[in-house]
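One structure is given below, encoded as structure tokens.
The values are calculated or read from the model by the stated rules, or taken from the named source; none is laboratory data. Keep in mind the model is a prediction, meaning the values are calculated, not measured. No Cβ is skipped: glycine too gets one built from the backbone with ideal geometry, and neighbour counts run over all protein chains shown. Just so you know, the surface numbers come from the protein's heavy atoms only, side chains and all, with ligands and any DNA or RNA stripped out. Shrake-Rupley method; radii C 1.70, N 1.55, O 1.52, S 1.80 Å.
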Amino acid sequence: MSNKYRDYDNYLKEYPDENGYFGKYGGNYLDDPELIKAFNEYAEGYQTIAQSAQFIAELRRIRKDFQGRPTPVYHCQNLSNLLGRTQIYLKREDLNHTGAHKLNHCMGEGLLAKYMGKKKLIAETGAGQHGVALATAAAYFGLECDIYMGEVDIAKQAPNVTRMKMLGANVVPVSFGLKTLKEAVDAAFMAYSKEYHDAIYCIGTAAGPHPFPLMVRDFQYVVGAEARSQFIEQTGHLPDKVVACVGGGSNSIGMFTPFIADPVEIIGVEPGGRGSALGDHAASVTYGKEGVMHGFNSIMLADENGDPAPVYSNASGLDYPAVGPEHAMLYDQGRFNYVTASDDEAIEALFMLSRNEGIIPAIESSHALAYAIREARKGKPESILVCLSGRGDKDLDYVVEHYGYGEEFLAKMEAARK
């Protein structure tokens, strides 16, 4: 093993530091003294409880008996044969209870809230998967739940809105700005600042002020840990590439970190949207620069004034103008690589997986799959392990309305390649 990988042998013990920094990224940049106090309470509570055998045992029991973990690694034999010599594998987080990876950290955060004596969970959601997962956790632990969601996403993700309400959550529409994920985070933060004594804020990704990037990474680590063991058991070796979609970065950080000291290539796939112009994508690492938003320092998309820029993606869970601070540091170090996949590439991947493997993925996850398909078309004999972070039930109405059932769209994509 080269020095490049040995440098990461003690990675989890070294990052973040005691103040929540991953190198120069992360930290806590909140300017409200009361909120700073509340987040410090989180950090102290989590870092104390996370070492508790009782807490760990209860979380493991929940994962096994309630969530249905471990989720499997699946070899896409039909798709791989169709594309050539590259073998594509999926870590099936779509089979995790509620249909995505989000429940991994939501159950952890709900358990933390109970240990801290809180009565309510507050969060934002984009695609609705985090909202559904948190509403599920609230129901499980007997807590109240407020979910803030942009009006654009409410219309786009109607099935998940229905699920949140069925689970007893209060879905709060956000009607300012672009009415999508960034504004939902803004609204949730504002609400939390008034209720922090009795509530806990549960961010939906590996971003935000310390300790959220640490907590989400720890709770999502199970994804990559399972996948690494399962892949070796199935094949006898490590994958050549590990791939996941990246918005804020929760599924990807969980998938990536167990492989960080291994000689494998790690690739995050950002939403390339409909073009490279500001406002046509949400590819923070690819096009962004260092900046502070929502209480943490990272790489973000900014306008000419340095404020968070408008973003776009057909995947509601990826349209966030910054990436988690751990992703930013590992990009600077060269350990993580980042690429983009366009709206059309993601939809093509969605249809191809549906038709060749009988699995309908979320549009978010389809961005990662699109990269694997792009690489497979090059004909190289290698293995690619993709985190299929969620299922596509929530996206069906949107996909059919904009892309039909696939025949004409797939023909158009194939013709464009020729």
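Two decimals, Cα atoms only, Kirkwood Rh: what is Rg/Rh over region 117-264? Don't jump to the answer; show the numbers that get you there.
Numbers: Rg = 17.1 Å, Rh = 16.4 Å.
Rg/Rh: 1.04.
Quick one: Kirkwood hydrodynamic radius for region 29-167, alpha-carbon pairs, angstrom, one decimal?
17.1 Å
Within 14 Å, Cβ to Cβ, of Met215, how many net charges do the neighbouring residues add up to if Lys/Arg are +1 and Asp/Glu are -1?
Local net charge: -3.
Give me the compactness ratio for region 78-128, meaning the Cα radius of gyration over 2.2 N^0.38 Å.
1.81
How large is the dipole of the chain about the Cα centre if only Lys and Arg carry +1 and Asp and Glu carry -1, each at its Cβ, rounded to the nearest 20 debye?
Dipole about the Cα centre, nearest 20: 1160 debye.
Summing +1 for each Lys or Arg and -1 for each Asp or Glu, what net charge is found among the other residues whose Cβ lies under 10 Å from the Cβ of His367?
For residues surrounding His367, the net value is -4.
If I take R0 = 30 Å and measure r between the Cβ atoms of Ser52 and Thr235 in this structure, what FRET efficiency does the formula 1/(1 + (r/R0)^6) give, to the nearest 0.05?
0.25
Residues of region 310-380: accessible area per residue at 1.4 Å, in Å²?
On a per-residue basis, 25 Å².
Work out how much length Ser276 to Asp303 would gain on full extension: take 0.36 nm times their residue separation and subtract the Cα-Cα distance, in nm to one decimal.
8.3 nm
For a quick check of your reading of the filter: which trypsin sites (Lys or Arg not before Pro) in region 342-390 sit in a DSSP loop and have no more than 16 other Cβ atoms within 10 Å?
Of the trypsin sites (Lys or Arg not before Pro), the ones in loops of region 342-390 whose Cβ has at most 16 other Cβ atoms within 10 Å are Arg377, Lys378.
Over region 8-102, with every protein chain in place, what whole percent of the accessible area is carbon and sulfur at 1.4 Å, could you tell me?
Carbon plus sulfur share of accessible area: 47 percent.
Considering Cα pairs under 8 angstrom that are at least six residues apart, work out the relative contact order of region 42-95 and quote it in whole percent.
So the answer I get is 25 percent.
What percent antiparallel are the DSSP beta bridges of the chain, to the nearest 5?
Percent antiparallel among DSSP bridges in the chain is about 30.
What is the percent carbon and sulfur in the accessible area of region 335-385, measuring with a 1.4 Å probe over the protein chains and ignoring ligands?
Result for region 335-385: 48 percent of the exposed heavy-atom area is carbon or sulfur.
For the chain, take the longest principal axis of its alpha carbons; what is the angle in degrees between that and the long axis of helix 103-116, to the nearest 10 within 0 to 90?
Computed tilt is about 10 degrees.
May I ask you to derive the relative contact order of the chain, considering only C-alpha pairs under 8 Å and at least 6 residues apart, and to give it as an integer percent?
20 percent.
To the nearest 0.05, what FRET efficiency results for Glu41 and Asn337 with a Förster distance of 41 Å applied to their C-beta separation? Kindly include the intermediate steps, with their values, before the conclusion.
Numbers: r = 37 Å, r/R0 = 0.90.
That pair, Glu41 with Asn337, gives E of 0.65.
Apply the Karplus parameterisation 6.51 cos²θ - 1.76 cosθ + 1.60, with θ equal to phi minus 60°, to every residue of region 286-291 and state each ³J(HN,Hα) to the nearest whole Hz, in sequence, with x for glycine and proline.
So the Karplus estimates, Gly and Pro as x, are 5, 10, x, 8, 4, x Hz.
Going 7 Å from the Cα of Ala155 along its beta-carbon direction, which residues of region 404-418 have the amide nitrogen within less than 16 Å of the resulting point?
From region 404-418, the list is empty.
For the chain, go through all pairs of different Cα atoms, get the mean of 1/r, take its inverse, and jot down that Kirkwood value in Å.
21.1 Å
Find which of Gly68, Cys245, His294 sits farthest along the positive direction of the dipole of the chain, computed with +1 on the beta-carbon of Lys and Arg, -1 on that of Asp and Glu, about the Cα centre.
Working it through, the farthest residue towards the positive pole turns out to be Gly68.
Once R0 is set to 35 Å, what does the formula 1/(1 + (r/R0)^6) return for the Cβ-Cβ distance between Ala416 and Lys13, expressed as a FRET efficiency to the nearest 0.05?
For R0 = 35 Å, the calculated efficiency reads 0.15.
For region 211-339, take the convex hull of the Cα atoms, compute a quarter of its surface area, and give me that in nm², please.
Numbers: hull surface 32.1 nm².
With every direction weighted equally, the projected area is 8.0 nm².
Using the Cβ atoms and a cut-off under 11 Å, what net charge is assigned to the surroundings of Arg228, where Lys and Arg are +1 and Asp and Glu are -1?
-2
Can you tell me the length gained on complete extension of the stretch Glu401 to Met116, counting 0.36 nm per residue apart and subtracting the Cα distance?
Length gained, Glu401 through Met116: 98.1 nm.
Would you mind classifying region 338-418 by shape? Square roots of the alpha carbon gyration tensor eigenvalues, ordered a ≥ b ≥ c; an a/c under 1.5 is rounded, otherwise it is prolate if a/b is larger than b/c and oblate if not.
The shape class here is oblate.
Please report the spacing between the Cα centers of region 172-213 and region 86-149 in Å, no decimals.
14 Å
Normalised by the number of residues in region 299-406, what is the relative contact order in percent for Cα pairs under 8 Å and 6+ residues apart? Intermediate results must be reported in sequence, preceding the final value.
On the way: 109 pairs, mean separation 21.9, N = 108.
Computed value for region 299-406: 20 percent relative contact order.
Only helical DSSP H runs with n ≥ 4 go in: add -39500 (n - 2.57) per run for the chain, normalise by residue count and round the 222 nm mean residue ellipticity to 500 deg cm²/dmol.
-13500 deg cm²/dmol
If I fit a long axis through the Cα atoms of helix 181-195 and take the longest principal axis of the Cα atoms of the chain, what angle between them do I get, 0 to 90°, rounded to 10?
20 degrees
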